[in-house]
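We did not get these values from a lab; they are worked out from the coordinates using the rules stated. If you're wondering where the values come from, they're calculated on a predicted model, not measured in any experiment. Virtual Cβ from ideal backbone geometry, glycine too; neighbours counted across all protein chains shown.
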Amino acid sequence: MSSLKNQKKAPRRRFSPEFKPEALGLAEQVGVTGAAKQLGLHESQLYVWRKKARYEASRSETEKELAIKKCPFVAAACQAGRGDRNIKKGKRVLCEKPEVKYAYMSYNTGKYSISAQCGIFGVPRSGYYAWRHRQANPCKRQLFREKLDRRVLDAFHARKGSTTPI
């Protein structure tokens, strides 16, 4: 156990963007195991690079542009959640219930499309439109709850300050 504490972690190796396609080409010629041994890499590293390369090749230009545009939107969403500029501490909007996300999306409909916002927040578009419909047309049960809440609040304020039971 003590020998593990004395060992130092090897520094993380960085590879240039040009090296990765060459390594993947070699892996296709001689196989992943052989290429990993020749290059002094783990096989899993080559598998990860191959997966990322295939993903990037399958993405369309519009998806790539949208990914670039997402970054400022996420930053804006984070800042709106906490009012500060530290994105790591300000991601409250991204972690809230869907109703809070829908309200934020409704507030920003002029700036960003609903489709993009739903993709970023991870909520379905149909859920947003259903929420919007519920806001405009509350059901009987919701109306009853609001009426009952008003009655309870009125009773509370009427009772406040007196010591006798109702």
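So, in nm, how far is label residue 154 from label residue 30 when the simple model puts each one 7 Å beyond its Cα toward the Cβ?
8.5
What is the gain in length, in nm to one decimal, between residue 53 and residue 114 on full extension, counting 0.36 nm per residue of separation less the C-alpha to C-alpha distance? If you can, show how the numbers build up before the last one.
On the way: separation 61, 0.36 × 61 = 21.96 nm, distance 2.95 nm.
Gain in length upon complete extension: 19.0 nm.
May I ask you to compute the full-extension gain from residue 39 to residue 15, defined as 0.36 nm times their residue separation minus their alpha-carbon distance, rounded to one decimal in nm?
So the extension gain works out to 7.5 nm.
Measuring from label point to label point, each 7 Å out along Cα→Cβ, what is the residue 107 to residue 134 span in nm?
Calculated label separation equals 1.9 nm.
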